[in-house]
Amino acid sequence: MRRIRGAIRAISVLLLAAFAGLILYVGYSVYTSSSRWLTSGYNARLTHAKRTVRMGNITDRNGLLLATTDQDGMRMYSADPALRRAVSQTVGDTMSMSGTGVETFHAQTLLGISGSLIDRTWQYLTGKEYTGEDIRLTIDAELTSYISGLFPEGKNGAVAVINYQTGEILSMVSKPDYDPQALVNRREGADENGSGYLNRCLQGQYAPGSVFKVITLAAALENLPNVQNEHFYCEAEQAFGDGTVSCYGHTKHGKLSLLQAFSESCNVSFAEIACALGSDLLAKTAEDAGFNDNFRFQDLILYESSMEKGDLPLYDLAWTGVGQGTTLVTPLHMAMIAGAVGAGGIMREPKLILQVTGEGGIPRIRTGGGIYRRAFSDSTARTLSDYMRYAVERGTGTKARISGYTVCGKTGSAEISNDKSVSTNAWFVGFVEDERHPYAIAAVVEQGGTGGSVAAPLAAKALKMAIERNG
Amino acid sequence: MAKRQIKASSLMQVLLRSNTRLLLSGVIAFQISGMLLLAMKTSPPDWQALLFAAAMPCASAGIVRLFSALWKVDRALLILMLFLCSVSLVTLEDIARSAVTPWQQATHMLGGFLAMALGILTVRKLRRYEKWFLPLSAAAVAGVALPLVFGQWHYGAKNWIHLFGGVSVQPAEFGKCALILLLACGLANRPRMRQCVVPLAVAAALCGLLLAERDLGALLLYFLVTCAAYFAATGNLPVTLMGLGAGVAGGVLAVRMFPYVQKRIEVWQNPWSDPLDKGWQIIQALIAIGSGGLFGMGLGLGYPRNIPLYNSDFIFAAICEEFGLVFAVGLILIYVIIILRGISVAMNARTSFHMLIAVGVVVLIGVQAFIIIGGNVKMIPLTGVTLPFVSTGGSSIISMMGAFGMLLGVSSVNAYDEAEDLKRLEWREANA
Ligand SMILES: [Zn+2]
């Protein structure tokens, strides 16, 4: 009997410990994450609050009004239809169709819901109309509108421009877009098939293609001593494990140095590098650069870039090294990677909110942000810059050149189907190597063709305009 | 010495009785105020809520009086369970889409009181329990196997059978009571290793059947209840740990083998990667919990219907939204108090059979509450079980109350034993 009692006592201690853990967990998680849960776009409760509160204004970095609430409580967006469409997914809409938009993700700010019980009670007792706070974004709306106009007619895709020294987002273009004003009075969407609501910069998970070679190259530089002096031999295709890896357009590159392999974007050479590294080292460098991370940024929701880990078969590993495996990236993250190369390896947390101004016009101090992580070592970043500079000067990225400025970058032509008649996704990632104009870009044009002929010139124009508009 | 102890314990009982009266008044106050508030939400007032406001206190007081008069059951335990039932009815009256839902739940609870009486009587009357082991095992295995033969797939599991007249039952729910009883029958009186084999084999067979039906929640409960009963009966820590280890290994294997288990783990790790499809349920639950804040949106003021399965699997999230975090933590504490009280009933029992029954029921209620609340708040992967006495579901309510009846039955046996002791002592003193 005594033995049974002892066992029962042990069981009860276990049960109580489990419940103590449960209570602590509930308290902790509500305390730390409830505001993230609340402001997620999937919260229908916010629609209710919008009826009782006068929502604050949204302006761009230059003070241009992007969204406001008129006398009748009606939400009004910019009068310029092209501009309003260009920033549509960034700003969001009253229906929360664009779940990552500022109108939804920062609804608590715009609606002035502080979440504190005292405020809520006070508002309830006084019954006065509540005015939300105003938000000034980091984006340059006119630049965004200009870049949106650069897109080839009828093509979809995304362009993200950031300042890699501050992390500020200057522009996010996502095609197709939609008209938020058309949503104000209509319950039906202004965009029939719904794909316009997606912010492809944040939510579009794309196969990176050759732009991933920046990561493979970084892994090689950090882990394979003397790799810079090695030579590769490309016969247009080569067997790896159960299959073959071939170069784009079946080009036979011949004998190549590492620098040439990168600037000519030779798949065979990079497949060889990936196999020499092994999946663990490749994955480690990728994860240092933010792959497979949940990206809990305070200003925006960014979907993760994912990369398969663990022991990959040789064939899969080879294709992963050239960006054609199961790896998926979000364009803003690619811009952050390019920016980290420009910033000596430091990756900044992306910033979308420049300022929040409450009632009385006093700007609220925003804390947090800053450095997200160190993506590359200082010396690796410097070498990566050299390689990317060469790729734009002499390699596949020559159309990304801007006269008077140094551009470093990497093109990509990502195959999205085994069917060769389907055009590749055109990619360009890169940055301006200039202290005064620290801009990084990632551009992807879906089924646009090759990165060098489609994405690179688009990126050059976008960066040039960014430089001109911001001194 | 012994006498003083008994006097002290009877003094405790007097104290407890006045405390239980206070406890019961509190529960009744909750029932009346909750239902009245809900009735006033509409004008004209909602008749069903008014009816509940009148009927629930009468039923509660009546049942406490009846059960303690008939069998001297532990009042505090009974009242705490009645409070959980009240939370269930108030929440359902508030959030359920159809007014029929709370009504059905109340009917099931009435059935549950009968099951409870049956549980008490079973524990009180059952003698020579070794003889009951085989029939019980046969019945449990046959019952749990039924859905495999006659059932249909439902939310990815095959654990229902449809009887005539549109009535559906989940045999695995009733199997829980049978499992506790058969383990107590088979493992009572400090069995040797060899004698444990048959009861454990029966439990393993039941787990295998549940795996085939893909009822993972029930499988987990059966497994843990069996481990706890074995450990309590034998005190054999190495074997218990080996059993638990085998369970963990089986779990890892299940994750590898079954894509649907893997999917649940992935959703649990990062629901935000697919917020509109796979992560939808848990994200809606988290949003609801976050919206409640400390003191809740207030009865009838939240939007808990945005949560899928808001009156069964996710009722805890709905309660968080309506009543707030403080109340929700209070609700968790009620389960903790039930566990503590149940453990003390087990400790006071005079036979190992009764101890095993009490500890089985306590572990069942505790673990079930833990895994569903933990699943709701994303502490552990979601496993579809009901929140005991609160979630909707006829089979679950009735079988849980049946199991609770067995615990009350043990408390009743304890009370009679103590009274007997007292009488014997007084008689001895009078004759000394
Ligand atoms: Zn090549």
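The values are calculated or read from the model by the stated rules, or taken from the named source; none is laboratory data. Because the structure is a prediction, the values reported are computed rather than measured. Note: ideal-geometry Cβ built from the backbone for every residue, glycine included; neighbour counts use all protein chains shown. We work out accessible area using only protein heavy atoms, side chains counted, and drop any ligands, DNA or RNA first. Shrake-Rupley method; radii C 1.70, N 1.55, O 1.52, S 1.80 Å.
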Self-check item: Hits in region A:255-264 (condition: within 8 Å of the ligand (Cβ to nearest atom) and open to solvent by less than 50 Å² (accessible area, probe 1.4 Å))
Solution: A:256, A:261
Quiz prompt | Condition met for residue A:211 (buried (at least 20 other Cβ atoms within 10 Å of the Cβ), away from the ligand (no atom under 16 Å from the Cβ) and of a type in the set (A, V, I, L, M, F, W, C)) | solution = yes
Quiz item: Can you name the number of the only condition in (1) more than 13 Å from the ligand (Cβ to nearest atom); (2) more than 14 Å from every other protein chain (Cβ to nearest Cβ); (3) touching a helix residue (DSSP H, G or I) at 6+ places or on another chain (Cβ under 8 Å) that residue A:166 fails?
Solution: (3)
Quiz item: Which one of B:379, B:401 is hydrophobic (A, V, I, L, M, F, W, C) and modelled with pLDDT under 90?
Solution: B:379
Quiz item: strands (runs of 3 or more DSSP E) wholly in region A:390-471 with at least 1 residues that are over 19 Å from the mean Cα position of the chain (by Cα) and crowded, with 23+ Cβ neighbours inside 10 Å - which ones?
Solution: A:407-414
Practice problem: Go through region A:2-15 and give me each residue that's at the interface with chain B (Cβ under 7 Å from one of its Cβ atoms) and either in contact with a Leu (Cβ under 6 Å, 6 or more places away or on another chain) or open to solvent by 40 Å² or more (accessible area, probe 1.4 Å) (or both). | Solution: A:3, A:5
Quiz item: Do we find a residue being part of a helix (DSSP H, G or I) and either more than 13 Å from the ligand (Cβ to nearest atom) or touching a helix residue (DSSP H, G or I) at 6+ places or on another chain (Cβ under 8 Å) (or both) anywhere in region A:295-303?
Solution: no
Quiz item: Scanning for something under 20 Å from the mean Cα position of the chain (by Cα), of a type in the set (Gly, Ala, Ser) and within 13 Å of chain A (Cβ to nearest Cβ), does region B:374-395 turn up at least one residue?
Solution: yes
Exercise. Only residues in region A:218-241 that are part of a loop (DSSP other than H, G, I, E, B) count as the first member; pair them with residues that are among the charged types (D, E, K, R) and within 13 Å of the ligand (Cβ to nearest atom), Cβ under 9 angstrom, at least 6 apart or cross-chain, and list the lot.
Key: A:235/A:252; A:236/A:252
Exercise. Mind listing just one residue for me: the one in region A:310-330 that is among the polar types (S, T, N, Q) and over 13 Å from residue A:210 (Cβ atoms) and, of those, nearest to the chain's Cα centre (by Cα)?
Key: A:330
Practice problem: Consider residue A:235 carefully, then state whether it is of a type in the set (D, E, K, R), within 13 Å of the ligand (Cβ to nearest atom), more than 14 Å from chain B (Cβ to nearest Cβ) and over 24 Å from residue A:289 (Cα atoms). | Solution: yes
Quiz prompt | Failed condition for residue B:128, given (1) within 26 Å of residue B:21 (Cβ to Cβ); (2) surrounded by fewer than 23 Cβ atoms within 10 Å (Cβ to Cβ) | solution = (1)
Practice problem: Would you check if residue B:369 is more than 9 Å from every other protein chain (Cβ to nearest Cβ), in a helix (DSSP H, G or I) and farther than 20 Å from residue A:5 by Cα? | Solution: no
Quiz item: Before we move on, is residue A:312 open to solvent by 10 Å² or more (accessible area, probe 1.4 Å), closer than 17 Å to residue A:232 by Cβ and away from the ligand (no atom under 16 Å from the Cβ)?
Solution: no
Practice problem: Quick one: which residue in A:230, A:235 is acidic (Asp, Glu), out of contact with any strand residue (DSSP E or B) (no Cβ under 7 Å at 6 or more places or on another chain), modelled with pLDDT under 95 and loosely packed, with under 15 Cβ neighbours inside 10 Å? | Solution: A:235
Quiz prompt | Criterion (assigned to a strand (DSSP E or B) and within 15 Å of the ligand (Cβ to nearest atom)) met by exactly one of A:268, A:245 | solution = A:245
Practice problem: Go through (1) open to solvent by 10 Å² or more (accessible area, probe 1.4 Å); (2) facing chain A (nearest Cβ under 10 Å); (3) not hydroxyl-bearing (Ser, Thr, Tyr) one by one and return the number of the condition residue B:341 breaks. | Solution: (2)
Self-check item: Residue identified as buried (at least 21 other Cβ atoms within 10 Å of the Cβ), over 18 Å from residue A:391 (Cβ atoms), of a type outside the set (Ser, Thr, Tyr) and within 16 Å of the ligand (Cβ to nearest atom) among A:318, A:343
Solution: A:318
Practice problem: Tell me, yes or no, whether region A:272-283 has at least one residue that is more than 14 Å from the ligand (Cβ to nearest atom), open to solvent by 50 Å² or more (accessible area, probe 1.4 Å), touching a residue at least 40 places away in the same chain (Cβ under 8 Å) and assigned to a helix (DSSP H, G or I). | Solution: yes
